[in-house]
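*Asks:* Have a look at the structure that comes next, please.
The values are calculated or read from the model by the stated rules, or taken from the named source; none is laboratory data. Since the model is a prediction, treat every value here as computed from it, not as a measurement. Every residue, glycine as well, gets a Cβ built from its backbone with ideal geometry; the counts of neighbours run over all protein chains shown.
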Amino acid sequence: MAVAAESVKAWGQRHKQAAFTSPTLDIDVDAARNLVAIAFRVSRATGLYAPASTSTTTFITFGDCTITTADGTKTAFRISLED
């Protein structure tokens, strides 16, 4: 996630988009969804998770994934958007 966050922040700096360089924003959910859509594209994410919360809206984008089972077995996968 840190790599994606850095790429989105760098994009915001290059394009003078303060919303992508600020650590926090006071915006409504619709505005947040728009920013997430841009961040998703900029970071080349392949998935999105929005955990339920009562006081804060959080969106987490991700790329490569590793699933670890209870016995410690790991399975890594990548979702390719390339043809």
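*Asks:* Taking the condition at pLDDT below 80, surrounded by 13 or more Cβ atoms within 10 Å (Cβ to Cβ), polar (S, T, N, Q) and within 14 Å of Val8 (Cβ to Cβ), does Thr61 pass? Let's see the steps before the verdict.
*Replies:* On the way: at pLDDT below 80: yes; surrounded by 13 or more Cβ atoms within 10 Å (Cβ to Cβ): yes; polar (S, T, N, Q): yes; within 14 Å of Val8 (Cβ to Cβ): yes.
Yes: the conditions hold for Thr61.
*Asks:* Residue check: is Ala50 surrounded by 10 or more Cβ atoms within 10 Å (Cβ to Cβ) and at pLDDT 75 or above? Even if it seems obvious, please write down each step before you answer.
*Replies:* Values: surrounded by 10 or more Cβ atoms within 10 Å (Cβ to Cβ): yes; at pLDDT 75 or above: no.
Spelling it out, it is not the case that Ala50 is surrounded by 10 or more Cβ atoms within 10 Å (Cβ to Cβ) and at pLDDT 75 or above.
*Asks:* While we're looking at this one, here's another question. Please verify whether Ala32 is under 26 Å from Phe77 (Cβ atoms), surrounded by 12 or more Cβ atoms within 10 Å (Cβ to Cβ) and modelled with pLDDT under 90, treating the condition exactly as stated.
*Replies:* Working: under 26 Å from Phe77 (Cβ atoms): no; surrounded by 12 or more Cβ atoms within 10 Å (Cβ to Cβ): yes; modelled with pLDDT under 90: yes.
Answer is no for this residue.
*Asks:* Could you grab me the full set of residues in region 2-29 that are closer than 19 Å to Ala45 by Cα, exposed (fewer than 13 other Cβ atoms within 10 Å of the Cβ) and among the charged types (D, E, K, R)?
*Replies:* Glu6
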